[in-house]
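All remarks here apply to the structure that follows.
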Amino acid sequence: MNQKPIPQLGAVMALAQLLQEFPDLPTATWSIDQYTGDLSGYLHDAGMSDLDAYAQTLGGAVRPGRDYVYQGQLVRPHRLSAKWRDVEVTVAVVLPAPVPVSLERAA
């Protein structure tokens, strides 16, 4: 009898191990892609220090995304991309975008 591979199983196990080994990581909402088994986390009401906690644990790289307007506020997503226990992991947080400052002096 052939066993059908379950792409999500590796991510479930990796997430369980991550949470058991590092229970002090900031709380995130998690999802697992049904086809690739990639693991995605979203940090709510969080800051860069929370995303940095994941970066310190998982390694990988944090990159900013493109600014967009959400509920009338300019925001910027920041995503950590890493690999944990052979599973691709992305953890994201959305923060207010920095406001550009003009350094020109009025004449």
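Values computed for the structure shown
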| item | result |
| --- | --- |
| Strands (runs of 3 or more DSSP E) wholly inside region 1-76 that include at least 1 residues being surrounded by fewer than 13 Cβ atoms within 10 Å (Cβ to Cβ) | 29-32, 61-64, 68-70 |
| Residue match in region 79-102 (condition: exposed (fewer than 10 other Cβ atoms within 10 Å of the Cβ) and either touching a Lys or Arg at 6+ places or on another chain (Cβ under 6 Å) or part of a helix (DSSP H, G or I) (or both)) | no |
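Values in this text are rule-based calculations from the coordinates and carry no lab data. Just so we're clear, the structure is a prediction, and the values are computed from it rather than from any experiment. For neighbour counting, all protein chains shown are included, and Cβ atoms are generated from backbone atoms with ideal geometry for every residue, glycine included.
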